[in-house]
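Below is one structure; the comments refer to it alone.
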Amino acid sequence: MAEIPSPVRAMIEAALATGDEAKVRTVIELAKTTNPDDTAELDAILTTFETDLAALAAAEAAAEKEAIRSAGFFENWSGQGELGAFNSTGNAENTGVTASISLRKEGIKWRHKLSGRADYQEAGGVTTREQFLAAYELNYKFSDRLYAYGLAQYERDRFQGFSARYSASGGLGYDILTDGPTLSVKAGPAWRRTELVDGSSTSNIAGLAALDFDWSISDTLTFTQDASALVQSGSSTFISDTGLQAAISDALSVRLSYTVETDTAPPPGAVKTDTLSRITIIYDF
């Protein structure tokens, strides 16, 4: 940089020190305009900077991959906790407390998802709603969009007529939309065992299909739509969960949601459709 005037050289060095590519490009272009005789040297400075920047980015990406690859099972989890109130109609009509947690871990090829939810209400010492759900899903990523999944799920809802319901499924999933709105679908064969409150039980081979849609309407407002269908001989189950989430701060948000669950052939004494309206506070961690 010996032939470049000292003030221009100082300006370029200051821009290089920031590591900001846009800023460096702007300063170099201004320098080329005011010092056209030094264009070749200025282009060489920019080329060297871009090469060093690319090498640094590659090194950081490699280090991040290695950190993910070498992390233990209990490391690198993220998730959210949810607490609030619900109002239900169907097999039980009441208002109560709802709580849930969801955890997610992204690996190079593997993705883990853990979730749990509980809805509970008691009046006069008598339980009037008691619904529990726990699920674990494991994904193996063939590419950025295509993956295989394995899902295990446990449910309990005596007011819908079953003391326990176990489901297992495996198949393929695909991320249809990844930029802006996101949309993921999956489908595969499934098995479900239902233990009814009268002591009887059923086991069925079924088919599972599900979708997960998220749309960030603005920086603070997100629309979500989750839907699933487990189809089998006997009672099939269809679930739709629609939500609107508004950010309060970086970690806190409030969510309004409406869930419809339909069992096509419920146990005797139970109705086919339950609805659940929730308002919750969500904490991201």
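The values are calculated or read from the model by the stated rules, or taken from the named source; none is laboratory data. Computed from a prediction, not measured in an experiment: that's the story for all the values here. Note: ideal-geometry Cβ built from the backbone for every residue, glycine included; neighbour counts use all protein chains shown. What goes into the accessible areas is simple: the full protein's heavy atoms, side chains included, and nothing from ligands, DNA or RNA. Shrake-Rupley method; radii C 1.70, N 1.55, O 1.52, S 1.80 Å.
Here are some notes:
- Screening the chain for DSSP H helices whose Cα atoms reach 27 Å or more along their own axis and whose mean Kyte hydropathy is at least -0.5 gives 39-70.
- Averaged over its residues, the stretch 1-43 has an accessible area of 61 Å² per residue, based on protein heavy atoms and a 1.4 Å probe.
- C-alpha center-to-center spacing [the stretch 238-280, the stretch 66-114] in angstrom: 16
- Counted charge near S167, where neighbours are those whose Cβ lies closer than 9 Å (Asp, Glu -1; Lys, Arg +1): +2
- Exposure rule at most 12 other beta-carbon atoms within 10 Å, DSSP loop GluC sites (Glu not before Pro): the chain longest free segment: 94-285
- Solvent-accessible area per residue for the stretch 214-285 (1.4 angstrom probe, square angstrom): 53
- Packing order of peptides 146-154, 31-39, highest average first: 146-154, 31-39 (average count of other Cβ atoms within 10 Å over each peptide's residues).
- Candidates T237, T95, T26: whichever shows maximal mean-square fluctuation once the chain is modelled as a Gaussian network with Cα springs under 10 Å: T26
- Helix-only arithmetic for the chain: the sum of -39500 (n - 2.57) across DSSP H runs with n ≥ 4, divided by the residue total, places the mean residue ellipticity at 222 nm at -7000 deg cm²/dmol.
- Portion, in percent, of the accessible area of the chain that falls on carbon or sulfur, probe 1.4 Å: 61
- By the rule of a C-alpha distance below 21 Å, with chain neighbours fewer than 8 residues away ignored, the lysines paired with K113 are K65, K105, K141, K186.
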